[in-house]
1. Only one of these is open to solvent by less than 40 Å² (accessible area, probe 1.4 Å), at negative phi, among the polar types (S, T, N, Q) and assigned to a strand (DSSP E or B): Ser85, Ser66. Name it.
2. Residue by residue through region 135-145, note down the ones that are at pLDDT 90 or above, surrounded by 18 or more Cβ atoms within 10 Å (Cβ to Cβ) and under 11 Å from Thr409 (Cα atoms).
3. Taking the options Val199, Val205, name whichever one is in a helix (DSSP H, G or I), over 14 Å from Ser165 (Cα atoms) and touching a Leu at 6+ places or on another chain (Cβ under 8 Å).
4. Restricting attention to region 348-375, which residues are touching a residue at least 60 places away in the same chain (Cβ under 8 Å) and surrounded by fewer than 17 Cβ atoms within 10 Å (Cβ to Cβ)?
5. Across region 411-448, what is the total count of residues that are under 16 Å from the mean Cα position of the chain (by Cα) and not hydroxyl-bearing (Ser, Thr, Tyr)?
6. Going residue by residue through region 126-134, is there one that turns out to be under 28 Å from Tyr430 (Cβ atoms), open to solvent by less than 40 Å² (accessible area, probe 1.4 Å) and either part of a helix (DSSP H, G or I) or in contact with a helix residue (DSSP H, G or I) (Cβ under 9 Å, 6 or more places away or on another chain) (or both)?
7. Only one residue in Leu97, Leu111, Leu157, Leu116 is buried (at least 19 other Cβ atoms within 10 Å of the Cβ) and modelled with pLDDT under 85, so which one is that?
Amino acid sequence: VITVLLEGNIPASFRNYKSYLEYYLSELRRYNRNVEVIYKNPSEGSQEEQEGFKKFLASRGVSPISRQVSTGDEVSKNLLYPYISIHNDRSIVFVNLLESQSIERGEEEKLLESQLAFESKFLRALKQVYRSELPFVHIVGGSANLISEGYNRDESLSAFKFINSNPDVILSSLDSVDAIVSVLNKEALTREELLAIDVAVAAGVPVIWMIDKSNMTVDSLRATGSHLAASQDYQAEDYLFRCGVRIQPELIMDLSSSLIPQVVNDGSSTPQTKMLNYPFHPLILSGKGSRPSTRLSGPLAMYFASPIELLEYPRSVIKESILTTSPYTKTIKLPRMLDFGFMQVAPRPEEYQQGPLSVAVQIEGRVKPYFTNRLSSDDISLLKKHQLTYSLDSQYIKQIVISDADFATPSRDARGFFPTGYNASERQMYYANTQLIAQLLESVIDGDDLLKIAQKTTTLTVLDEQKFKVTETFYYLILLVLPLVVLLLSYFMYHLVRRRKYAA
C-alpha cells in the first residue's frame with residue numbers, strides 16, 4: 001500500500017511534482033494490481049483523528065513544512081507533508097519527497113531535482129519493505145564498536161544492520177554476511193581477520209576498506225603544536241597490492257578544504273580566532289559518471305587523506321576511481337613534521353597544481369586467493385573449527401578502497417554522541433559523508449541499477465520575472481492580438497482570391 005501525504009491545498013510550485021507522482025503511481029498500478037495507492041490529507045477528519053495521525057507521523061520522524069498558499073486575493077499558511085509511505089503486513093517506510101527540507105518558495109530548480117531523485121528513493125524504500133530482514137554489514141577494526149553503534153543510530157543508514165564483528169562471527173555466519181567494512185585507523189589487521197575476509201570474499205561477500213595511511217589527527221596537533229606524521233602499516237597493504245591498489249605514503253593538501261579555528265594575532269593582548277581553510281581536510285564533490293558516488297547532496301569532508309594509485313596488474317581486475325579531489329592539490333611525503341605554522345601565510349595557488357587525486361577506488365574481477373600456500377597450522381585449525389575448507393579457486397573480488405577512515409567515523413565525548421559527518425571544528429554537518437556510505441553499501445550489495453537511475457539529470461529554464469514585467473504588454477500583444485490579425489488577414493485573402501476566381 002502506497003499512501004501519498006502531499007494532499008490538500010498545495011502551492012502552485014508543488015503541483016507539477018504532484019502530477020508527476022500521480023502519473024508514476026498510476027503507471028505502477030497499471031502494471032501490478034497488487035499495488036494499492038491512497039491519497040490522504042493529514043489535515044482532514046475530526047480534530048482527534050488529525051492529532052492522532054500527526055503524532056504517529058512525528059514518531060516516525062515525519063515532520064511537516066510550512067508554506068504560503070495563494071487563493072485569489074487571500075494568502076494562507078498551510079502545513080504540508082511532502083512524504084509518501086510504503087507498507088505491507090510486515091513493515092512501513094516513509095520517503096521524503098524533497099531533497100532538502102529548506103526548499104524556499106519559487107525554487108523550481110530544487111523541486112525538479114527532488115523530482116529526478118524520487119524514483120531511486122522510491123525503489124530503495126520498496127526494496128526495504130519487501131526484504132524479510134535487513135542486510136547484515138559486519139564491521140571489523142579498532143573503531144568497530146563505535147562505528148556500528150553510530151551507524152545503527154543513524155536514520156539515513158536504517159536500511160542496513162551493522163554488527164561489531166570478529167573473525168569467529170564472520171566465519172560462523174558466512175551465509176548471512178552481506179558485506180564487510182574493514183576500518184583501519186588505530187590497530188593493524190590481525191592475521192585471523194585477514195583470513196576471515198579472504199574466506200568471505202571467496203564466498204562472494206564484498207568488502208569496503210577505509211584506511212588511514214597516516215597517524216595524523218587535528219587533536220594530536222593541538223595537544224603539542226606539532227606532530228610527526230608517519231606512515232602506518234596495517235597488514236592489509238600486501239592484500240590490496242595483489243588486487244591492484246596501492247595507497248601512497250603521502251598526505252594530500254587541497255585548496256578546496258574545510259575550516260579550522262586559528263589564532264591570527266598570536267602574542268597580542270586580545271588574541272582573535274578566525275576560521276581558516278585547512279588543506280589537509282579536503283572537501284570532495286561527487287564525481288561525474290562515478291557509479292557509487294553520484295548525486296551526493298553536498299561536499300564530502302575528509303581528513304588527512306592519501307592518494308591511491310591504480311596498478312596495471314593484475315589485468316583480470318577492473319579498477320575505477322570513484323572519488324577525486326579538486327584539481328588544486330599537492331602532496332607531501334611521509335614521515336614529515338607538521339604544525340600550524342604554514343597557515344600564517346596565504347597559500348600560493350601555483351604550488352597546488354598536481355591535479356585531481358584519487359581518494360576512493362572500486363575494484364572488480366578475479367584474483368588468486370591471498371592465503372594460497374600461506375596457510376599455517378593455526379589458520380587450518382580456525383577453519384576446521386567452523387567446518388570450512390580453504391578454496392584455491394580464483395576469487396571474484398568486489399571491493400572499494402578509501403584512503404580515509406575518519407570521514408566515516410562518528411565521534412563521542414563528554415557532551416554525548418556526534419553522528420557521522422559532524423565536523424566539530426566548524427560545528428557543521430556534512431550529510432554527504434553518511435550518504436556516501438549508504439550508496440557504497442547499496443552498490444556492493446544490490447548492484448548499480450538504482451544508482452544508474454539516480455544519475456538522471458535535466459535542466460529547467462526558469463522564467464525571468466523582472467524581465468517579463470517590463471515586456472509584459474509586448475508578449476500579451478503577440479500571444480493574443482497577433483493570432484487574431486493573422487486570422488483576419490487569412491480570411492480577407494481567401495475571399496479576395498475567391499472573388500477574383502469566380503468574377504467572370
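The values are calculated or read from the model by the stated rules, or taken from the named source; none is laboratory data. Keep in mind that this is a model prediction, so the values were computed, not measured. All Cβ positions, glycine included, derive from the backbone under ideal geometry; neighbour counts span all protein chains shown. Accessible surface is based on the protein model in full, side chains and every heavy atom, while ligands, DNA and RNA are left aside. Shrake-Rupley method; radii C 1.70, N 1.55, O 1.52, S 1.80 Å.
1. Only one candidate qualifies: Ser85.
2. Ala144
3. Being in a helix (DSSP H, G or I), over 14 Å from Ser165 (Cα atoms) and touching a Leu at 6+ places or on another chain (Cβ under 8 Å) holds for just one of Val199, Val205, which is Val199.
4. Listed by number, the residues that qualify are Pro349, Lys368.
5. Number satisfying all stated conditions: 18.
6. no
7. Leu111
Conditions (1) open to solvent by 70 Å² or more (accessible area, probe 1.4 Å); (2) of a type in the set (S, T, N, Q); (3) at pLDDT 90 or above; (4) under 30 Å from Met210 (Cα atoms), marked per residue:
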| site | (1), (2), (3), (4) |
| --- | --- |
| Gly416 | no, no, no, yes |
| Thr420 | no, yes, yes, yes |
| Gln439 | no, yes, no, yes |
| Val444 | no, no, yes, yes |
| Leu451 | no, no, no, yes |
| Thr458 | yes, yes, no, no |
| Leu489 | yes, no, yes, no |
| Arg500 | yes, no, no, no |
